[in-house]
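Here the structure comes first, spelled out in structure tokens, and everything after it is commentary.
Values quoted throughout were computed directly from the atomic coordinates according to the rules given, and no laboratory measurement underlies them. A quick note: this is a predicted structure, and the numbers were derived from the prediction, not measured.
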């Protein structure tokens with residue numbers, strides 16, 4: 001009985017690990033997207049100065065304003081971009097290398 005429980009725990013752990021690691025890939029992809037999109041009009045330094053300062057809702061408002069001014073961000077990506085920027089650390093962000 002303990003062997004079955006152990007195998008189940010291993011299977012669940014592996015399953016969760018796959019999604020955890022996939023999340024790193026998505027964050028990296030979002031960082032690249034943000035870098036390519038936002039630096040069309042702004043320097044990376046300008047964006048990096050606000051990382052760790054603005055909240056998620058503040059970034060969402062900023063992204064929505066930039067979209068209204070012509071930034072090419074699909075409506076379904078706005079939330080993801082805002083979450084990425086709100087959680088990005090200026091010391092480790094793709095933008096601030």
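Once fully extended, how much extra length lies between residue 96 and residue 69, figured as 0.36 nm per residue of separation less the alpha-carbon to alpha-carbon distance?
Gain on stretching residue 96 to residue 69: 7.3 nm.
With every atom except the alpha carbons ignored, what do you get for Rg and Dmax of region 37-97, in angstroms?
In Å, with Rg to one decimal and Dmax whole: 10.7, 29.
So between residue 79 and residue 32, what do we pick up on full extension, going 0.36 nm a residue minus the alpha carbon distance?
15.3 nm
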